[in-house]
Amino acid sequence: MKSIWMALLIGFVTACTVVAFPSSVLAQQEDAAQEQESEGSQTIDLEADAKEFANANDVKEVEIPVIDREPFDRLTFDASNDNWVLDIDPIELEGVSRTASIDPKNRSDRLLFTMELDYPGRLWACPWSSLVKVERYSDLVLGEAEKAMVAKDYATAFRTLLFLSDLSDARGAGKIKQMMDECLYEDGHENLEAGNYGEALTAFEALYERQPRYKVRGAGSLLEKITTCINEFIREKVEAGEYAAARSLLATLRLEYGNKVDEVMQFWELDMKKRALTRLREVGKAVQAGDGMSAHKNVREVIYVMPSLVESVKKFNEIVKQFPFVFVGVTQSAISRDVRRIEDWAARRVGYLVDRWIMEFQKPTDQGGKYIFPGGRIQPIDELGLKFRIQLTQPIPDDVPPILTYELENRLHELATIDSDEYYIPWARLVETIEIEDERSIVFTLRYPHVLPESLLVMPWFSKGDDRKEEAFGFYKPRSRKAEEVIYERNERFPKKDGQQNPLVIERVYGNSAEATDALIRGELDVVDRVYPGDISRLKKDPMITVRPYLIPSVHMLIPNPRNDHMKSDSFRRALHFAINRDLIINEIISGGSQIEGFKVVSGPFPEGTDVSNDLAYAYNRDVIPREHSALLALVLAQQYVTQETNRLENEGVPNPEVEMPKVVLAFPSTETITAACKNMAQQWRAAGVEAELRPLPSGQLVPDDDEWDLLYAEVQMQEPLVDAYRLFGRNGLVKLVDPTIEQALRNLDSSFKWRDISRNLRRVHQQSANNLSILPLWQIVDHYAYRKNVFNVGKDIVSLYQNLDEWRIDGVALPNESNEVSKKRP
Amino acid sequence: MQAEFPPTRSPLFRPWLWLVTTLCVCFFGSVGHVTAAPQEAETAEAAWEYRPYNVVVWLAHENSWRLQGLEEGIIEGVAAQAMLADPSSWKLEITRAPNPWNWRLISENFDRDLYSDDLQADVINAGETQNADKLIIVKITENLGEYDTSVQEFDLHTKIWGAKVIREAETANLASVIFDSIRTAFMPITRIENVLDKDVRVRVRAIGVCEIAERDANGEWKMVKNTGSPAWINDDEILMPVVLRKDRRGNLDNISAVFWTFLSIVDRSGPNLNCVTHAMRRAPLGGRTGGRTERLGLCVRAPDRETKLRLISNDKQQVPLPDLEIFSRNPDTPAGEDSEFIGKTDWRGEIVIPPNDDPIRILFVKSGRRGLARVPMVPGLYDSQETSMPNDEKRLYAEGITRGLFNELMDNVARRQLIAERFRIALENNNLEKASDLVQELSEVPDANNFKRRLNLEKQDLLSGDIDKREVDYIKGYFLQLETATSDFLNNVKNTQLTRDLQGARKK
């Protein structure tokens, strides 16, 4: 299409050129037999043609660069022909190349030429004597380059000259080359004067590559220019604090110019060292003042400025010893602290940090999760598995909330009492009696055997109305809270054990994962809670950083809101689901083209697991195949919904009903991964004819407060599908409209006594959710965390970042030029 | 101004007239039964309409000094108000509950044993209730200077407990509150005369004497119906049928309240009320009737309270039925209007039904797409009620599976149509390679035969095991629909047709 327009434009310009001239000396040769000789000018009135063309097309004249036009030659006629200028197809003369100059004075007879674009198939002639000048295409191009040089449009000039140099038979290669060099120099010089050191450097370096000895009289050598540019360029970076970029430039400088730039190198190394040492003094002051935060901030910046400076590394090691702080980068601040919230990553992270729970999940096993009762122990006391004893250790361990036996018994009752705010249906359904056996023991009896009754008691120790609920009973507690930073310190109720460092944890909230990743690389952060999938491979390449996957994948899904008829329609929901190219989004958008284990499209609400975490896959139904992407089918199904609605209204007696394609409102937590995915989905829905409005939720909010949404993007982490299925589909679960068939499958869970039955019934939940589209499943993602290698005992195969926080330790780093191995500690 | 007490008794109600009538009946009855029988019937009819209620009211309390002091005043006050309200339709005798009844009535066990046969027998056999029609129990509890009252009627004839009316009162209005509760708790009786499908005609007891004198516009005294009497049944009130069966000797053999059945009043003619039945089951008042069967209707006046409804399965296991959807309609709600969604039964099969402005609520119980039962209910009549209905588990599961199959069927139909259309375009454009690819693509989408095989397997799986016959019928119905749709739609695009078309195009 572009070429047609270009052709039209070119044709019109050509036509306009013809119109401008009062007379024409063009002779049209219809055939050789009708050739007429003439000593004077002959005119053929092309004006009518051109005018007709101009009128018909109403095209304004534009000046197209010569190099963008098809090659042509230019004829300039004499005064008797009004100095008419005509562009023609390149002249073909025997023995004359396309670029060779032609002097019309040296020619006799006439010139035959064509203008195929405007007058295809026609041959023209004019006497050589009527011509004053014949400019070849290469001359015109050169002329244009010269014009551009005069106008100081060096980019255009260089481009034109480059084009000219590529013409295989260009004349004056030497001149062209010279002009190109001049162009580069002038461009560099102008940018240098203007302070655009990057652009100046590019130009000078390009010139240096062509002509290392290039020199302009009185202007200094090219290398001097380059050095000046680099100097200023580095100064800019350094003053902006972009030390990594500055160091990278210096390294490049050394590589390319060797010892020719010693002076510059030395200057800047010295400069950076001075800055580093100045900053180190600040660090010293901060240390003396006991301000660990400032000390850390400054010394980390120093190391970033000058990682090879031994003093800074030594200082860092001292500071880490004196102020063991770990800086953690997060992208979601925690509004609540609740490990049960399957949709709230931040709440689970902080819940494990500052709270303790009646039962605590340790890890998945092949028989569901492993749970501990931190206050003592829990064990079955009969053969049928109906009776259990909870025994509190006396005295209560320091790391457990100070709860009395009868208080715990009351708590368990409260969870089973229908009128209580804490009423928890699965527990109420299961437990029959709860009694105090003695001053340390509670015995509860179940109505029927359960494979994992402990899993139902991942509950806060205290109820909502209890003042003690707000206290932090976890290993850590909040010390201070600002909008972008929360500091956690060891809870003093837990005496420090030998060998434990219990560093201060400073959580910093970043607007997006990329910023957090950069901060980790720079050394500002020690740990990143969740790494953007696209950054995983980049971080893995950094020798100072370890990247690991969390044990439990998260499942991403869309939850419909049945507020409108269209969201209740199976056809419409299927249309939306078919429209989403999930493979594209997970493989290209989210993981940035990398193959990351565990990232896959799923067909239901439960994780499929990875090779490592296949213990979790007991709920996933592999017989339910993920819906394939089909934009056409989506279109058809969406239209089908409209047709069905129209028919329904007609049947209800509405005359000529007009049903429009509904619009959907997609609400989503505004993390960058999810935002990118949602934007893509909206585009894909549009392609299926369904308009989508995006509604990003405020930071920290995961579910809208109102009802003004049709679909909610949720990322859900189920560490125990047996229990978490209720949190998704139960009475107070995330999903609003739960089909009775799913409720039935959940009920059957209660009467499942064996893992085989549990698995079967959860797979039924999966199957029924696919049948009735209670959710639109998207994909499973394995989240990753990253930490610097001088932070130890973060752990492997963890469920939550702070799972092993009591063992965390931050140490110093190896001195530069010494062994790169950090001290051998258990990672 | 002292109120005049116009004559309140009907001219027919004269003791001497009854004596004469009785003597005549006896005399002429001895002459011939043909002559006497209609008179007996008429007498019996007349007796029903004119037979006032004998109501015994027992006052029970903890005998606190304050209540001891108030007791006499309460008794007098209630008696006076009863007389004022209706001196003829009922005869109220209010006393302190005799020992040991007083203590038994106020004990916690009483409510727990309320429906036990033993308690009912004790009440009936109590000397004080021998000639009574109704026993009304009034319990008073003192609560820091205020009083909690609870009033409940036991109909001695039908052995049915009425709704408990609970109110609070202060000293000044204690008697009024108690009387008002008695008025609410009182259950007038009707006799079911005729049943024709849903239409029922009943005759109201004591309606004949439920009158008061009123001055008309001319100042003349005339007798009008005492619509303020507790014995009067208003048009918006509800009747609960009870069937009494006697043995050959005329002794009461069996009493059964026809639960989940109520009668609402359509209109009245004289002493009769024309009603319509609202029932859970068909023909609740059908069946053989004869001289030994007496069908009555008790007018139930439920207080403004909720009732907990519990649903269990009607099989041997009788398990609770959770997650059933409960909707409610008024009997007069037009067909097109939506029902009100009340909620779902919880894991114990229970749901609380609140009262609304309608005297009766028709509840619809749904499991998935299937309506399980239609349950008429008067919230507040009982604190809790239980009923059984089919356990729908297998059908419900099948509903989910067949829904998924139907969606899959529609997707396959659409896919095949799309491929066929693209195939046609490819042939038009002479793009045979593309057309060939599309034929291959079509072969990967299930056709009617493949899909039917799949349906068969699923059906066999669903119908295996122990399963109720009605559920079998439902499930078979679902699959029949699927099979029909498969035949109708999935066969529209045939693999063989496209292959033939492609071959034809190649030959050209």
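The count of lysine pairs in the stretch A:142-240 with alpha-carbon distances below 22 Å, taking only pairs 8 or more places apart or on different chains, stands at 11. Using a probe of 1.4 Å, the accessible surface attributed to A:V313 totals some 10 Å² when neighbouring protein chains are kept in position.
Among the residues of the stretch A:747-778, those with an accessible-area drop of 40 Å² or more from chain alone to full protein complex, heavy atoms and 1.4 Å probe, are A:R747, A:R764, A:Q768, A:N771. Interface burial in the stretch B:382-410 reaches 20 Å² or more for B:E393, B:L396, B:Y397, B:G400, B:I401, B:R403, B:G404, B:N407, B:M410, comparing the full protein assembly with the chain by itself; accessible area from heavy atoms with a 1.4 Å probe. Using Cα atoms only, what is the angle between the long axis of helix A:740-750 and the major principal axis of chain A, expressed in degrees (0 to 90) to the nearest 10? Around 40 degrees separate the two axes.
Taking every residue in A:737-745 and counting other chain Cβ atoms within 10 Å of its Cβ, the average works out to 6. Of A:I442, B:I265, the residue with the largest accessible area leads and the full order is B:I265, A:I442 (1.4 Å probe). Couplings 3J(HN,Hα) of the stretch A:704-713, computed from phi: x, 6, 10, 10, 8, 7, 10, 9, 10, 7 Hz, in residue order, whole Hz [Karplus 6.51 cos²θ - 1.76 cosθ + 1.60, θ = phi - 60°; x for Gly and Pro]. Inter-part distance, the stretch B:319-397 to the stretch A:459-517, computed on C-alpha centroids, equals 49 Å. Excluding same-chain neighbours fewer than eight residues apart, the lysines reachable from B:K222 by a Cα-Cα span under 30 Å are B:K91.
Only protein atoms count toward the accessible area here, which uses a 1.4 Å probe; on the stretch B:393-507, the carbon and sulfur part of that area reaches 48 percent.
Between the helical axis of A:243-257 and the longest alpha-carbon principal axis of chain A there is an angle of about 40 degrees.
Expressed as a whole percent, the accessible surface of chain A that belongs to carbon and sulfur atoms is 48, based on a 1.4 Å probe.
Computed with a 1.4 Å probe over protein heavy atoms only, the accessible area of A:V66 comes to about 10 Å².
Of the GluC sites (Glu not before Pro) found in the stretch A:481-557, those in coil by DSSP whose Cβ has at most 11 other Cβ atoms within 10 Å are A:E484, A:E492. Taking all protein chains into account, the per residue accessible area for the protein assembly as shown stands at 48 Å² (1.4 Å probe).
Counting only lysines at least 8 places from B:K308 when in the same chain, those with an alpha carbon closer than 21 Å to its own are B:K164, B:K344, B:K366.
Taking the Cα atoms only, what angle lies between the long axis of helix B:15-31 and the longest principal axis of chain B, rounded to 10 degrees? Tilt relative to chain B: about 70 degrees. The alpha carbon centroids of the stretch A:203-233 and the stretch A:678-752 are separated by 62 Å. When all alpha carbon pairs of chain B are counted in 20 Å bins from zero, the resulting P(r) reads 17, 39, 23, 13, 7, 1 %. Sorted largest first by accessible area at a 1.4 angstrom probe radius, with every protein chain in place, the residues B:D392, B:D216 fall in the order B:D216, B:D392. May I ask which of A:K482/A:K736; B:K159/B:K246; B:K134/B:K246; A:K496/A:K540; A:K297/A:K796; A:K736/B:K476 have a Cα-Cα span longer than 24 Å here? Pairs exceeding 24 Å: A:K482/A:K736; A:K496/A:K540; A:K297/A:K796; A:K736/B:K476. Per residue of peptide A:291-303, the mean number of Cβ atoms on other chains within 10 Å of the residue Cβ is 0. Across A:E92, A:E383, B:E170, the residue with the most accessible area heads the list, and the full order at a 1.4 Å probe is A:E383, A:E92, B:E170.
Derived from the Cα gyration tensor, the three semi-axes of the equivalent ellipsoid of the stretch A:358-465 are 19, 17, 15 Å, largest first. Think of each Lys and Arg Cβ as +1 and each Asp and Glu Cβ as -1; about the Cα centre, that makes the dipole of the stretch B:51-185 roughly 300 debye.
With the helix formula -39500 (n - 2.57) applied to DSSP H stretches of n ≥ 4, chain A reaches a computed 222 nm mean residue ellipticity of -12000 deg cm²/dmol.
How would chain A be classified by its alpha-carbon gyration tensor: rounded, prolate or oblate, with rounded meaning a/c under 1.5 and the a/b versus b/c comparison settling the rest? Oblate is the answer for chain A, as a/c is 1.5 or above yet b/c matches or exceeds a/b.
Of the whole protein surface, A:S333 contributes about 40 Å² of accessible area at a 1.4 Å probe radius. The convex hull of the Cα atoms of the stretch B:51-185, projected and averaged over all directions, covers 7.6 nm². Given the C-alpha centroids of the stretch B:113-181 and the stretch A:338-407, what is the distance between them in whole angstrom? Centre-to-centre distance over Cα atoms comes out at 52 Å.
Over all pairs of different C-alpha atoms, the stretch B:366-418 has a mean inverse distance whose reciprocal, the Kirkwood radius, equals 14.5 Å. Shown in residue order for the stretch A:719-728 are the 3J(HN,Hα) couplings computed by the Karplus curve 6.51 cos²θ - 1.76 cosθ + 1.60 at θ = phi - 60°: 7, 9, x, 3, 9, 6, 4, 5, 5, 8 Hz (x for Gly and Pro). Based on the Kirkwood radius over alpha-carbon pairs, what is the Stokes-Einstein translational diffusion coefficient of the stretch A:581-650 at 37 °C with 0.692 mPa s viscosity, in µm²/s? D = 221 µm²/s. The portion of the accessible surface of the stretch B:307-389 made up by carbon and sulfur, rounded to a whole percent, is 45 (1.4 Å probe; DNA, RNA and ligands excluded).
For the stretch A:190-196, putting each phi into the Karplus relation 6.51 cos²θ - 1.76 cosθ + 1.60 with θ = phi - 60° gives couplings of 5, 5, 5, 4, 7, x, 8 Hz, in residue order, rounded to whole numbers and with x for Gly and Pro.
With a ≥ b ≥ c the root eigenvalues of the C-alpha gyration tensor of the stretch A:75-125, is it rounded (a/c under 1.5), prolate (a/b larger than b/c) or oblate? Judged from the Cα gyration tensor, the stretch A:75-125 comes out oblate (a/c at least 1.5, b/c at or above a/b). Cross-link partners for A:K754 among the lysines, with Cα-Cα distance under 22 Å and sequence neighbours closer than 8 places in the same chain left out: A:K363, A:K370, A:K387, B:K394. Close amide H pairs (under 5 Å, H built 1.01 Å from N) link A:F473 with A:R356, residues at least 5 positions away or on another chain.
For the stretch B:307-389, what does the alpha-carbon gyration tensor say about shape, rounded, prolate or oblate, given a ≥ b ≥ c as the root eigenvalues, a/c under 1.5 as rounded, and a/b over b/c as prolate? Oblate, because a/c is 1.5 or more while a/b does not exceed b/c.
Per the Cα gyration tensor, the stretch B:190-300 maps to an equivalent ellipsoid with semi-axes of 31, 16, 11 Å, ordered largest to smallest. The contact between chain B and chain A removes approximately 2400 Å² from the accessible area (both sides summed; 1.4 Å probe; ligands, DNA and RNA excluded).
Under a model in which nothing but the beta-carbon of Lys, Arg (+1) and Asp, Glu (-1) is charged, the protein assembly as shown shows a dipole of about 4040 debye around its Cα centre.
The values are calculated or read from the model by the stated rules, or taken from the named source; none is laboratory data. Computed from a prediction, not measured in an experiment: that's the story for all the values here. Neighbour counts are summed over all protein chains in view; Cβ atoms, including those assigned to glycine, are modelled from backbone coordinates with ideal geometry. Side chains included, ligands, DNA and RNA excluded: accessible areas come from the protein's heavy atoms. Shrake-Rupley method; radii C 1.70, N 1.55, O 1.52, S 1.80 Å.
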